[in-house]
Amino acid sequence: MKRGLKIAAGVLAALVIVYVAAQEIDDRRIAYEDAQWEKQQEADVAESNRIAFEAYFNHWQEKNLKRSQASFADAPPLVKAVVHDIVMGQPVTDARLAVLGKQEINRGYPETPEEYGYKHGFTDTLLREAVLSRNYQAAEALVRHGADVNYNGGEMAFTAVGMKTNFTNVISYIPYPDFQFGNQFLTLYLENSGDPNAYKYDGMNNLVSAANGENNLQGVLILLANKADPWFEVPDGKGYFYSSFFVSNANAGPWSCEMAFRVALQGYYDNAPPAKLDQLLKRYQTIAAQYIGVTGPSNLFSVWQLQRVLELILKGNHVEPTGAIAELMAMKVPDDIGGFILAPGQLWSPPDSLPLNKMPDGPEGTERWDGQ
């Protein structure tokens, strides 16, 4: 009897082992199949995105070609051929540009209603086509052969500061997009006698304000490094002047605060002209007064950011806080509230940043650093 029980127990144990082993094999098979399914899903999405992007890009290129052909309808055959290569993303050889010569390279052609800048009365040039077509290699070659980067009052730079590295869906807009591709054109402009303080009446923007409006942190820093005046006020031509970059950017918005923090970190607010500094601090006094004694995560988040910004501005100008600013600086913010999107050294949002339309409770700042 006992022997029979032992045999039965042994058989049962063996069956259990077999069952467990089979279960493990089955679990591994399911895990493998799930992983393969996920890979296939990712591949399908990637292929779908590729097809959609290719269709979008081809449509965009066709529109550019149609527009450029209308603009250069009366141009010599060689110019038309160069325009075609530029728009189609092809390089332009030095030999061809040498034949054209500087005068023809800079010749302006009147725009047609299909042109991007038609309502402004812009003229089209070969360099303008290179910028609009995102053909940096062609732009570089044209500048090397004497193309004037200041066409249409700095249009090249205004286009560049809004040119994202990738064609980005507006629905997925993140706080600080990657503009490094467009900023190549901005740098080319500035390195070839482009005016860093160029401005336009439409929108009343100068370049640094335009870059700020796009949340192009890298572009703002490039312009400031190239002597753009952050205190420059755009005239309206009738005796009125619009707020400078520093003054217009002085607000409690999370992206404006982070921009101000990063600019202040580089010392661009330091040793400001007294009258300009007074104007700026007066604005911050008004903003600070609105946040004295606030509660709730969203408001305290703004307080945390304003404190970081004002600390750097005051320190860089050897000024002690007064009034509402002093009260704001003395406020205590819980350790789990506050932060920036960007970490030290980052110039655009990291890949895992939530799009603005998907941030459930406002800004997702987690980078708690003060520049010290």
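Only the coordinates and a few stated rules stand behind these numbers; no lab work does. Being a predicted model, the structure only gives us computed values, none of them experimental. Note that we place each Cβ from the backbone using ideal geometry, even for glycine, and neighbour counts take in every protein chain shown.
Summarising the amide proton neighbourhood of Phe340: residues at separation of 5 or more, or on other chains, whose placed amide H is nearer than 5 Å comprise Thr366, Glu367, Arg368, Trp369.
Straight-line reach from Lys119: taking Cα to Cα under 26 Å and skipping same-chain neighbours fewer than 8 places apart, the lysines in range are Lys63, Lys66, Lys80, Lys164, Lys200, Lys238. When the Cα positions of Gln285, Gly365, Val309 are compared along the charge dipole of segment 250-372, Gln285 comes out farthest toward the positive end, with charges on each C-beta of Lys, Arg, Asp and Glu. The packing ranking of peptides 332-340, 254-262, highest mean first, is 254-262, 332-340, where packing means the average number of other beta carbon atoms within 10 angstrom of each residue. Size estimate for the chain follows the Kirkwood approach: the inverse of mean 1/r over distinct Cα pairs works out to 24.7 Å.
For segment 99-107, the Karplus equation 6.51 cos²θ - 1.76 cosθ + 1.60, evaluated at θ = phi - 60°, returns couplings of 5, 5, x, 4, 5, 6, 4, 9, 5 Hz by residue, with Gly and Pro reported as x.
Around the amide H of Asp124, modelled in the peptide plane, lie the amide H atoms of Tyr109, Glu111, all under 5 Å away and 5 or more residues distant in sequence or on another chain. Each label was represented as a point 7 Å from its Cα along the Cα-to-Cβ direction; for Gln40 and Ala81 these points are 5.2 nm apart. Residues whose amide H falls under 5 Å from that of Asn205, counting only those 5 or more places apart or on a different chain, are Lys200, with hydrogens built in the peptide plane.
For Lys227, the aspartates and glutamates whose Cα comes closer than 15 Å to its Cα, not counting residues fewer than 8 places off in the same chain, are Glu191, Asp195, Asp270. Applying 1/(1 + (r/R0)^6) with r as the Cβ-Cβ distance of Lys332 and Thr286 and R0 = 30 angstrom yields a FRET efficiency of 0.85. Quick check on segment 250-372: take the gyration tensor over C-alpha atoms, sort the square-rooted eigenvalues as a ≥ b ≥ c, and tell me if it's rounded (a/c under 1.5), prolate or oblate. Oblate.
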